[in-house]
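Just below is one structure, and these are the notes that go with it.
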Amino acid sequence: MKNLLSSLGLLLLLLSACAPQGPRPLTVLTHDSFSVSENLIRQFESDNNVKISFVKGGDAGSVLNKAILTKDAPLADVLYGVDNTFLSRALDARIYSPYESPALADIPDEYKLDDQNRALPVDYGDVCINYDKSYFATNNLALPQSLSDLTKPEYKGLLVVEDPATSSPGLAFLLATVATLEDGYQDYWRQLKENDVVVVDSWETAYFTNFSASSGHGPQPMVVSYGSSPTAEVVYADPPVSESPTASLVGDGMCFRQVEFAGILAGTKNRAIAEKFIDFLLGKSFQEDMPLQMFVSPVNPKAAVPDVFIQNSQIPSNPASLDPQVIAINREAWIQGWTSVMNP
Amino acid sequence: MTRRFLYWFAPSLFLLLFFFYPLIRVLLLSFGSDDATLSALTSLPQFINLLIFTFYQAGLSTLLTLLVGIPIAYLFSHYAFRGKPLLRALTAVPFMLPTVVVAAGFTALLGPRGWVNLALMGAFDLTTPPITFVGTLTAILIAHVFYNSTIVIRLVGNSWSQLDPRLGHAARVLGAGSTTVLREISLPLLRPSLMAATLLVFLFDFTSFGVVLLLGGAQFRTLEVEIFIQAVRFLNLPAAALLSMIQLLFTLFFSIIYSRVVTKSIVPLNPRAASLNLRPAKTLREKIFVISATTFILILFALPMAALPARSVVRLEPDRGERGEFQPTLTLNNYRELAVNRRGSLFYVPPLEAVRNSLIYATLTVALALLLGFPAASALTRPTRLENIIDPFLMLPLGASAVTLGLGYVLAFNRWLYSPLLVPLAHTTLALPFVIRSLQPALASIPNRLREAAAVLGATPQQVWRSVDLPIIARALTAAGVFAFTVSLGEFGATAMLVRPEYPTMTTAIARFMSQPGGLNYGQAMAMATILLVVTTTAILVIERIRLPGAGEF
């Protein structure tokens, strides 16, 4: 009897090893703006027998904070959402585990800011000044072609920017001025202040309260926003419109390029699936899904960009950019410098 | 002794686990790190300025809130008039509105293209908007009054409605004028609830974040804003932790002052049934007061919020082909759009689910906060050494920075954070001090002789509790429940935590819509905000209607 039971037990144990496994879990930590089509994720889940849980942790800075705090016991398997302004900090904190994805072969080198492939580029976007087309047409105003044009008297009081200390696009615009004007950036901001530039706390306020071409119908016809915002104005227009009421100013050095990265968190217990997910993020189907979900541009040149995107978003040919290491070292100093000029 | 221990066991354990433990972990970690970035903190004069401004705006806001709240408390506690329950509920609704929504409401009213400015520009033929609202200290102050008046109105109003008027009558017979009665009799007797309200309002204003940021613009920085910037933008946790410690120490300090003052001023009086103090306005003076007070309430509370439903059903954009012309048309499109997942997004929030989740979290929070808060408040009415030590620490959750506490939660609970159960627990941590402070003055006002009389007449302790304590504190219980409910709906500080997209709430839905450009997104944000308004007002009205069994007006 005893022998029978133990052999039955052993048999069951052996059989269970052959039985099909339930879906393996994968946790992905992202910032709040992350979005993806449901059917794409379901497809990935069924193709790989995995169940994905997404967790949103605030904006890029908040998410990075949480990842750094918990690096010894990571909250998730994959982290998406660190951008080039925070990249250096993320790499120094050693939260990622390197992974040389085969999909990287398709990605142009200009986006591979980490040569050790700990953080892999997924998408890019430009922080640009959006302008109200009808305002400029009605008032016969020429468009500013460069950053220094914004200090001209005909644009007095027409620009609203965000505080770089509290807003990510605000910081990106400040970095654009630093990259273009280097040490003269404080003088530039002094001139902007004399030209009555309006400063608010966040993108939401600037866009929906101050910008004239949004639903807020505010007083300023120029706002620091994203290069993809004009497309969103078409996609989410009510009633539908054929062309965007806004466009971006893409003169040299006027926009700041942001690249967003994903990486496998060090200490993950689901390495194999995490790698598959990274491949998925860099792959054609996700890259093509991104523009209309997150309003960013794909890094994979094989991904087709939707027509509405091509027609309404202007991609700058010479966006401003700074080395992530330089940003990490100087960020605080630049923000303090800005604050001392704008709020003495 | 065991009785006291039992009272404190559950609430202390709760606070220890869900407040002190995460807080201590994040503070220790920040101070223990090698980062020599404490020196990178803003210079000392700048820091002093920061502190001074934080105190200044909090003090001024509290003063204004009292000035607005006390007359309205008088109105609600002494007069009966049509529409009173709705008006009362209306004053409580702002408390849980997300700052983004309140800012949108105020901007729609007083912003550069708001109704007031448009009307003035049209009437006086001006080219630039005459009223500048956003970006001024006035905006911060008015928003604080808008948010926090309900605390004063409810706490002081409840006490006032149960105040025995005979002392006042005696004073009048002896020749005192009505202002003298107010000054010498009513206000001193109301001191416990006044002090509780002042402390709560001050702490909220002291740690105010969203209002200062959104309505004050870039030029105003308070301690809480600086903590956010240091932690989230500069990733400088030691600096953020240091500032959080300072904030907590101040909170403790104010809490200690409060306990000292309140214990001396609690006078158990003969509480009267609230309905006995209510009567319709009779004299001309009374009628004028009622009418002007209700008009003021409508202007301050209803008008800014009215912008939200208005913007959700009005489409200002011109039809296809025409540019630059405003043609307001009524449309229900925004509400229809809420139910549609146009982009097939995984993170689409079905509106009914959002409402359901918010309500479930809020109900759990109310139940938990009342269950834990009631024994604590009871123990505080007969304070011993133990209470004197514990008392000030109870307020700390309200004074702790949401950012720091959120990071503490991440450290302390790690993957447990993914459980949806943690959300009501986090909300309860904030609601608990509120509930305790709301119940405390009411419990202290029960005169012991009533209890003793009941006992002499043969009532068991449970019967004494049901027939003496419960009816007297019924209103305070309701107020505490409403506070806990609105704290949870407003999701204070939970934004600093991790969000499981499977259980979205109305607030996360609104934030999501406001974070992307486009008329449909803005419209849907307004629509969801309107739903939040309606749901909250209804819920508050329902809560106030609940009559606990046997706790009818005595």
Once normalised by the length of chain A, the mean sequence separation of its alpha carbon contacts under 8 Å that are 6 or more apart gives a contact order in percent of 25
Using alpha-carbon positions, the gyration tensor of region B:139-238 gives root eigenvalues a ≥ b ≥ c; with a/c under 1.5 called rounded, otherwise prolate if a/b exceeds b/c, else oblate, the class is prolate
Two pseudo-spin positions, 7 Å from Cα along C-beta at B:Leu67 and at B:Glu184, lie apart in nanometres by 2.7
Correct response: the longest run of chain B lacking exposed GluC sites (Glu not before Pro), defined by DSSP loop and at most 16 other Cβ within 10 Å, is B:1-321
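At 222 nm, what helix-only mean residue ellipticity would the protein assembly as shown give, in deg cm²/dmol to the nearest 500, using -39500 (n - 2.57) for each DSSP H run of four or more?
Working: 38 runs with 499 residues, N = 898.
Value at 222 nm, helices only: -17500 deg cm²/dmol.
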The ³J(HN,Hα) series, computed from each phi in region A:206-212 with the Karplus coefficients 6.51, -1.76 and 1.60 at θ = phi - 60°, rounded to the nearest Hz and given as x for glycine or proline, is 4, 7, 8, 10, 9, 7, 7
Expressed as a whole-number percentage, the relative contact order of region B:2-545 with C-alpha contacts under 8 angstrom and at least six residues apart is 24
Going from the fewest other Cβ atoms within 10 Å to the most, one would list A:Cys255, A:Cys128 as A:Cys255, A:Cys128
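State whether region A:252-323 is rounded, prolate or oblate according to the following rule on the C-alpha gyration tensor (a ≥ b ≥ c being the square roots of its eigenvalues): a/c under 1.5 gives rounded; otherwise a/b larger than b/c gives prolate, and the remaining case gives oblate.
Oblate, since a/c reaches 1.5 and b/c is not below a/b.
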In whole Å, largest first, the alpha carbons of region B:18-148 cover along the principal axes 61, 46, 24
With the convex hull built on the alpha-carbon atoms of the protein assembly as shown, volume per residue in Å³ sits at 203
One quarter of the C-alpha convex hull surface, i.e. the mean projected area of region A:48-183 in nm², amounts to 12.4
Taking max minus min of the Cα coordinates of region B:2-545 on each principal axis, largest first, gives extents in Å of 82, 67, 48
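Over 20 Å between C-alpha atoms is what I'm after, so list which of A:Lys269/A:Lys302; A:Lys51/A:Lys269; A:Lys71/A:Lys112 land there.
Distance filter (> 20 Å) returns A:Lys269/A:Lys302; A:Lys71/A:Lys112.
Return the FRET efficiency for the residue pair B:Thr295, A:Ala105: r is the Cβ-Cβ distance, R0 is 56 Å, and the value is rounded to the nearest 0.05.
The pair B:Thr295/A:Ala105 has a calculated efficiency of 0.20.
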Taking a crude spin-label model, label points 7 Å out from Cα along the C-beta direction, the A:Asn318 to B:Ile246 distance in nm is 4.5
Note on chain A: helices (DSSP H) long enough, at least 30 Å by alpha carbon along their axis, and hydrophobic enough, mean Kyte-Doolittle at least -0.5, are none
Per-residue average of other protein chain Cβ atoms inside 10 Å, peptide A:227-240 -> 5
Candidates A:Asn84, A:Asn270, A:Asn312; GNM for chain A (alpha-carbon contacts under 10 Å) flags as most fluctuating A:Asn270
Taking N as the number of residues in region A:181-284, the ratio of its alpha carbon radius of gyration to 2.2 N^0.38 Å works out to 1.53
Stretched fully, the stretch from A:Ile68 through A:Leu143 gains (0.36 nm per residue minus C-alpha distance, one decimal, in nm) 22.7 nm
Given Cβ charges of +1 for Lys and Arg and -1 for Asp and Glu, the option among B:Asn448, B:Trp115, B:Ala377 whose Cα lies farthest towards the positive end of the dipole of region B:2-545 is B:Asn448
Taking the alpha-carbon centre of each part, the distance from region B:442-495 to region B:173-240 in Å is 26
Of the listed links A:Lys66/A:Lys284; A:Lys133/A:Lys193; A:Lys133/A:Lys156, those spanning more than 21 angstrom between alpha carbons are A:Lys66/A:Lys284; A:Lys133/A:Lys193
Over the Cα atoms of chain A the radius of gyration and the largest Cα-Cα distance (Dmax), both in Å, equal 23.6, 98
Within the protein assembly as shown, the percent of DSSP beta bridges that are antiparallel, given to the nearest 5, stands at 65
With +1 at each Lys and Arg Cβ and -1 at each Asp and Glu Cβ, the charge dipole magnitude of chain B around its Cα centre, to the nearest 20 debye, comes out at 1420
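What is region B:377-464 by shape, rounded, prolate or oblate, if you read a ≥ b ≥ c off the alpha carbon gyration tensor as root eigenvalues and call it rounded for a/c under 1.5, prolate for a/b larger than b/c, and oblate otherwise?
It is prolate, given that a/c is not under 1.5 and a/b is the larger ratio.
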Quick calc of log₁₀ I(q)/I(0), region A:115-159, Debye, one scatterer on every Cα, no solvent, q values 0.18, 0.21, 0.27 1/Å, result -0.63, -0.77, -1.12
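None of the figures in this text is laboratory data; all of them are computed from the coordinates on show. Predicted, not measured: the structure shown is a model, and the values here were computed from it. Every residue, glycine as well, gets a Cβ built from its backbone with ideal geometry; the counts of neighbours run over all protein chains shown.
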